[in-house]
Amino acid sequence: MRPAFVLHEHHRPTHHFDLRLEENGVLRSWAVPRGLPDDSASNRLAVAVADHALDHLRYEDEEKSIADIGWWEEHDRTDRRLLFTLHGRGRPRRYALISTGRDWLLHLTKEQPD
């Protein structure tokens, strides 16, 4: 079975997104204040937040909606970087999460899946 991902859009207290990747029975989560990057020239801040239970995958309420959902695949991982592709509602997109030591940067890679 493929591991799931969800991109939650929060409308309160301030507008932001949460990227959640299923791994080891939980949803690893990063708050991404400005959403996923649209091009490889723009990195986005991604702040690691507490893991969420898998039942949060399809959770929505009046302040939170699902911006995208699907599955993800890992391509490479080190202590400082995770390279992965999101297969959601649109075309697949490849990203890298890069540790800065304090937070993370979310980067859309130049090379994208066909």
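The values are calculated or read from the model by the stated rules, or taken from the named source; none is laboratory data. Keep in mind that what you see is a predicted model, and the values were worked out from it rather than measured. Using ideal geometry, Cβ is built from the backbone for each residue, glycine included, and neighbour counts are taken over all protein chains shown.
Report yes if Val26 is among the β-branched types (Val, Ile, Thr), out of contact with any Ser or Thr (no Cβ under 6 Å at 6 or more places or on another chain) and in contact (Cβ under 8 Å) with a residue 40 or more places away in the chain, otherwise no. When the stated conditions are applied, Val26 does not pass them.
Filtered by the rule that a residue be more than 12 Å from the chain's Cα centre (by Cα), among the aliphatic types (A, V, I, L, M) and at pLDDT 95 or above, the stretch 1-40 gives a lone residue, Val26.
Given the structure, is Leu83 without any contact (Cβ under 8 Å) to a residue 60 or more places away in the chain, assigned to a strand (DSSP E or B) and not hydroxyl-bearing (Ser, Thr, Tyr)? Here the answer is yes, as Leu83 does meet what is asked. Each residue in the stretch 54-80 was checked for being assigned to a loop (DSSP other than H, G, I, E, B) and of a type outside the set (Lys, Arg), and 7 of them qualify.
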